[in-house]
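Engineer: A single structure is presented below for examination.
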């Protein structure tokens with residue numbers, strides 16, 4: 001399977017992503033083997049409020065990168081994305097342009113109940129796509145929710161979508177994602193209020209003080225009509241070049257890896273428990289005792305942590 | 001401080017929540033000491049899309065419970081909530097009715113970068129409020145995002161807000177939160193389209209097949225005008241009584257505690273690393289080496305897991 005993944009076989013890639021998503025027993029050895037083959041793909045996180053048109057933009061960006069002879073991977077971790085199966089039929093049809101293209105691989109990630117956290121699962125999926133030779137990986141995620149923001153933070157370039165006149169909620173959200181955007185896209189810019197949003201974004205950018213010295217680009221698009229897409233790709237590529245020349249590029253990469261390692265450590269400790277029958281049973285018993293107020297959850301967690309390590313030790317013997 | 005918390009002193013409660021939120025060294029012993037005093041509060045999770053009027057409804061529900069002589073705690077984990085400081089001035093003013101009431105305690109939780117996960121931090125804060133004698137704890141969270149959904153899942157009753165005509169995105173979201181709602185509130189029900197949403201919700205409820213046999217209630221409100229609030233409280237209380245009589249109540253509680261224990265185990269393992277200088281330095285070194293592709297992240301995570309335990313052992317000696 002590794003061989004098939006490395007030569008970019010879609011079916012093998014899909015299968016391996018399922019394995020790493022579920023943290024199956026063999027996931028780790030696969031990921032270890034793939035890692036030396038990674039480092040070429042450029043990851044773009046695309047985030048914004050529900051209804052800002054993320055999926056349509058991702059679809060168009062994929063098309064534009066395809067025309068530049070890039071192989072494109074799309075990972076949708078947005079529960080409202082048609083890619084991830086959350087939305088209605090109309091959206092699905094809208095998105096088919098990409099799903100029929102043999103040079104574009106589309107994958108949705110479960111946004112609920114993913115055992116080791118969404119950021120861990122997404123980063124591992126990006127590792128697979130990177131090793132499989134995809135040049136660009138677009139990660140679509142809704143700009144609300146802690147885990148979703150964590151996901152987008154692991155991308156090398158972060159694209160934040162805004163739309164005219166979406167009211168106070170978007171204003172609130174904007175403040176939170178403002179700090180992390182490398183490129184701001186004002187989508188649906190044919191709607192009234194586009195000038196106002198652009199002025200607001202520019203005002204915020206003027207006040208911002210990024211450690212890398214990058215002044216985020218602002219691009220207007222009408223993704224549904226394909227307008228502004230090339231300008232958007234140029235803005236992404238502009239940031240990419242800036243970053244390559246920047247001394248702080250390494251600092252950002254180290255920071256990304258730090259978050260990733262913590263996430264991996266977290267997911268590993270519960271996986272050790274849940275892959276073992278004894279671990280699962282003890283968890284069940286302790287949960288029942290906590291519900292009965294027979295033991296406090298903090299002491300119970302300590303016991304489970306100790307059990308997790310002894311299970312790991314036993315397994316490795 | 002524990003004494004002050006137990007007699008419900010707001011300042012002590014606020015201070016202790018900060019301690020548990022940050023997982024300070026002394027947090028655990030406080031939580032252990034408080035746990036025997038918990039079990040009385042009833043926790044209601046309130047979730048819905050941005051713009052559905054969650055904060056206004058929470059404000060009104062708090063008022064209604066206050067009139068029934070309950071002490072009310074509010075925890076806002078919604079980045080778009082005025083309680084949590086995400087929104088603009090107009091919203092803040094709208095919410096002041098509750099913030100001036102000495103029988104209502106309001107607390108916002110950080111939705112980003114909370115070390116051990118949002119669900120862990122929120123559950124610990126609920127523990128503090130429970131021990132401090134609050135009868136009702138309302139947890140407001142946006143209905144998008146994995147962590148936010150996890151938060152609301154730990155509540156004893158889950159209230160899902162819907163609004164007329166919010167389009168496809170809400171439709172998509174609705175599918176995800178449909179399964180977890182005990183009470184559905186159609187807010188802004190004076191807007192056109194309320195009948196249609198109600199019919200859709202009822203159709204989904206008719207098809208649902210809950211293991212506890214509860215048929216979720218549907219209530220119409222205009223929270224901003226205070227309409228339907230008593231009906232909403234009655235629906236919550238109806239579910240509470242049903243649940244008390246139900247044989248599956250315990251199963252739900254055990255499930256909640258199971259999730260909580262896993263969350264605690266996860267947060268504990270990284271806390272052991274990050275509270276120690278050696279752990280922080282090694283994490284930094286390994287992240288740099290991963291960024292340089294000098295070591296793969298999976299081996300690095302294994303090393304950190306081993307280090308985490310030896311740091312814990314050393315600390316406990």
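Since every read-out is calculated from the coordinates, none of them should be taken as a lab result. Treat the numbers as computed from the prediction; the structure is a model and nothing was measured. Reconstructed Cβ throughout: ideal geometry from the backbone, glycine too, with neighbour counts over all protein chains shown.
Engineer: Any idea what the relative contact order of the stretch B:156-295 is, in percent, if you count C-alpha pairs under 8 Å spaced at least 6 apart? List each step's numbers first, then the result.
Structural biologist: Numbers: 129 pairs, mean separation 26.5, N = 140.
Here the relative contact order equals 19 percent.
Engineer: Another question, if that's okay. Label-to-label distances across copies for residue A:209, with labels 7 Å out along Cα→Cβ, in nm, shortest first?
Structural biologist: Those separations, rounded to one decimal, come out as 6.1 nm.
Engineer: Could you work out the relative contact order of the stretch A:183-260, using alpha carbon pairs under 8 angstrom and six or more residues apart, expressed as a whole percent?
Structural biologist: On the way: 61 pairs, mean separation 26.2, N = 78.
Dividing the mean separation by the residue count of the stretch A:183-260 yields 34 percent.
Engineer: Subtracting the Cα-Cα distance from 0.36 nm times the residue separation, let me have the gained length for residue B:37 to residue B:303 in nm, one decimal. Mind dumping the intermediate values first?
Structural biologist: Values: separation 266, 0.36 × 266 = 95.76 nm, distance 3.95 nm.
Fully extending the segment from residue B:37 to residue B:303 adds 91.8 nm.
Engineer: Can you tell me how the stretch A:251-317 classifies by the Cα gyration tensor, rounded, prolate or oblate, using a/c under 1.5 as the rounded cut?
Structural biologist: Details: a/c = 3.28, a/b = 1.72, b/c = 1.91.
Oblate shape, in that a/c is at least 1.5 and b/c is the bigger or equal ratio.
Engineer: If each label sits 7 angstrom from Cα along the C-beta direction, how far apart, in nm, is residue A:251 from its counterparts in the other copies?
Structural biologist: 5.4
Engineer: Ok, one more. Less than 15 Å from a label point 7 Å out along the Cα-to-Cβ axis of residue A:247: which backbone N atoms in the stretch A:205-237 qualify, by residue?
Structural biologist: Output list for this probe position: A:211-214.
Engineer: Below 8 Å between Cα atoms, with a sequence gap of 6+, how large is the relative contact order for the stretch B:265-317 in percent?
Structural biologist: Working: 29 pairs, mean separation 24.6, N = 53.
46 percent.
Engineer: Work out, step by step, the length gained on full extension between residue B:191 and residue B:29: first 0.36 nm times the residue separation, then minus their alpha carbon distance; give nm to one decimal. Working shown, then result.
Structural biologist: Numbers: separation 162, 0.36 × 162 = 58.32 nm, distance 5.03 nm.
Extending this stretch completely gives an extra 53.3 nm.
Engineer: At 7 angstrom along the Cα-to-beta-carbon line, where would the label on residue B:292 sit relative to the other copies? Give the distances in nm, shortest first.
Structural biologist: In ascending order, 5.5 nm.
Engineer: Please work out whether the stretch A:181-253 counts as rounded, prolate or oblate from its C-alpha gyration tensor, where a ≥ b ≥ c are the square roots of the eigenvalues and a/c under 1.5 means rounded, while otherwise a/b larger than b/c means prolate and anything else oblate? Present the calculation step by step, with values, prior to reporting the outcome.
Structural biologist: Values: a/c = 3.76, a/b = 1.59, b/c = 2.38.
Oblate, since a/c reaches 1.5 and b/c is not below a/b.
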